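Asker: Take a look at this one; I'll ask things after.
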Amino acid sequence: MVRETAVRATAVQATAVRAAEERARATQDTPRAQHTREAAIRRHELAAFLRHRREHITPEQVGLPRGRRRRTPGLRREEVAQLSAVGVTWYTWLEQARDIQVSVQVLDALARTLLLDSSERAHLFNLAGTADPEPGANCPSVTDAQRALLEQLEPIPACIQNSRYDILAYNRTYGLLLCDLDAIAPVDRNCMLLCYTNADWQASIVRLDDTMRLMAAKFRASMADHLAEPAWKMLLKRLSGESPEFREAWERHEVVSARSKLKQFRNAHVGLLSLNHTDLWLGPHNGPRMVTYAPADEESRRGLEKLQEIAVAREG
């Protein structure tokens, strides 16, 4: 009798344990449920952020008349929609955290309409779960300390690039090393674009054909980590559309990692320069880096000093 009672107690206990385990499993999130909840949180955060920014932009800031019967603080939804070239209903849904798709182009238009700074723009794209195609968006802002270091390195040419070869900052000697970078629009300050489409940049490179082939191979290796990112795809499309030489090099499917080496440039101001190229990584490998060109011989050292004098004189 005692034994039967013990067996029944054990069975009851086992049943209770199984029931508890089933309840625990029922309350656990599946990966899909967790993803759905996180997406909903992002949509509500995005909606709140857009409303807050809209309410803090005055009509005068975007070139609109204030009018006499304005009750809404800041801009109206229809005004944001009009300025961003999107439908009023669609934008209203966005502020209501509806489950709708937002393109890169629309996010870019909203960022411009709402006068977002770089940090706010990055936050907008992060909430939307989309990579920002704007040059330099995937690289942390260049700090004052890094800019000071670039200046202190003169006459050594130096710049800060991201993994996509966008030139984010540079010192005066780098600005005159291959072309007049100050004359190039910021959106076009990309080593890949300049190497394949800028005549002055190309004229400064000794062994241009070898350099073009190497750049395409390095770009292919770097792009492997960014295949789905709009900014990389946009750059690839632009290079392919504007440069037959790039298309030919790209079709070779060659891959090579970034490496330091001796480079020679035919500078328009001081002549031939032999420089040792070095990448100094500022964060995770294959992320932002400082690129420097130290003189490989005495003649090049004097040439860089003269180039610095020219750059300083041009500043007036």
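Asker: Enumerate by residue number the trypsin sites (Lys or Arg not before Pro) in segment 124-232 meeting two conditions: DSSP loop (anything except H, G, I, E, B), and at most 13 other Cβ atoms within 10 Å of the site's Cβ.
Answerer: R207
Asker: With Cβ to Cβ distances under 10 Å as the rule, what net charge do the other residues near R54 carry (K, R +1; D, E -1)? Don't skip to the end; give the middle numbers.
Answerer: On the way: positive: R51, R53, R76, R77; negative: E55, E79, E95.
Once all neighbours under 10 Å are counted, the net charge is +1.
Asker: Using the beta-carbon distance between S240 and T58 and R0 = 30 Å, what value does 1/(1 + (r/R0)^6) give for FRET efficiency, to the nearest 0.05? Write down the numbers at each step before the final one.
Answerer: Numbers: r = 43 Å, r/R0 = 1.44.
FRET efficiency, S240 to T58: 0.10.
Asker: Which of the peptides 117-127, 148-158, 98-108 is most tightly packed, and how do the rest follow, judged by the mean count of other Cβ atoms within 10 Å per residue?
Answerer: Those peptides, ordered most packed to least, come out 148-158, 117-127, 98-108.
Asker: Got a sec to turn the phi values of segment 167-179 into Karplus ³J(HN,Hα) couplings, 6.51 cos²θ - 1.76 cosθ + 1.60 with θ = phi - 60°, whole Hz, x for Gly and Pro?
Answerer: Values per residue, Gly and Pro as x: 8, 8, 7, 7, 8, 5, 6, 5, x, 10, 5, 10, 6 Hz.
Asker: Please compute the contact order of segment 184-275 in relative form: average sequence separation of alpha-carbon pairs under 8 Å and at least six residues apart, divided by the residue count, as a percent.
Answerer: Relative contact order for segment 184-275 comes out at 32 percent.
Asker: Ok, one more. How large, in Å, is segment 31-128 by the Kirkwood hydrodynamic radius built from its alpha-carbon pairs?
Answerer: This gives a value of 14.0 Å.
Asker: Output ³J(HN,Hα) for segment 220-231: one whole-Hz value per residue in order, computed from phi by the Karplus curve 6.51 cos²θ - 1.76 cosθ + 1.60 with θ = phi - 60°, and x for Gly and Pro.
Answerer: Karplus-based 3J(HN,Hα) across segment 220-231 equals 4, 5, 5, 6, 4, 8, 9, 4, 8, 7, x, 4 Hz.
Asker: Mind giving me the FRET efficiency for K263 and Q101? R0 is 51 Å, r the Cβ-Cβ distance, nearest 0.05 is fine.
Answerer: The pair K263/Q101 has a calculated efficiency of 0.70.
Asker: Suppose every Lys and Arg Cβ carries +1 and every Asp and Glu Cβ carries -1, with no other charges. What dipole size does segment 206-316 come out with about its Cα centre, to the nearest 20 debye?
Answerer: My answer is approximately 160 debye.
Asker: Taking θ = phi - 60°, what integer Hz values does the Karplus form 6.51 cos²θ - 1.76 cosθ + 1.60 yield along segment 232-245, in sequence order, with x for Gly and Pro?
Answerer: 5, 5, 5, 5, 4, 5, 5, 4, 5, x, 9, 9, x, 5
Asker: Right, something else. For segment 99-183, taking Cα atoms only, what is the radius of gyration to one decimal and the Dmax to the nearest whole Å?
Answerer: So, for segment 99-183, Rg and Dmax equal 16.0, 54 Å respectively.
Asker: Let's see if you can work this out: charge +1 on each Lys and Arg Cβ, -1 on each Asp and Glu Cβ, no other charges. What is the dipole magnitude of segment 83-201 about its Cα centre, in debye to the nearest 20?
Answerer: So the dipole magnitude of segment 83-201 works out to roughly 180 debye.
Asker: In Å, what Kirkwood hydrodynamic radius results for segment 144-314 from the alpha-carbon pair distances?
Answerer: Over segment 144-314, the inverse of the mean reciprocal pair distance is 16.4 Å.
Asker: Between I41 and T211, take the C-beta separation as r, use R0 = 51 Å, and let me know the FRET efficiency to the nearest 0.05.
Answerer: Step by step, r from the Cβ atoms, then E = 0.60.
Asker: How much length, in nm to one decimal, is gained on full extension between A224 and T143, taken as 0.36 nm per residue of separation minus their Cα-Cα distance?
Answerer: On the way: separation 81, 0.36 × 81 = 29.16 nm, distance 2.78 nm.
Using 0.36 nm per residue and subtracting the Cα-Cα distance, I get 26.4 nm.
Asker: Using modelled backbone amide H atoms (1.01 Å from N, in-plane), which distant-in-sequence or interchain residues come within less than 5 Å of A294's amide H?
Answerer: N276, T278
Only the coordinates and a few stated rules stand behind these numbers; no lab work does. Values in this document were obtained by computation on a predicted structure and should not be read as measured data. So basically every Cβ, Gly included, is an ideal-geometry build from the backbone, and we count neighbours across all protein chains shown.
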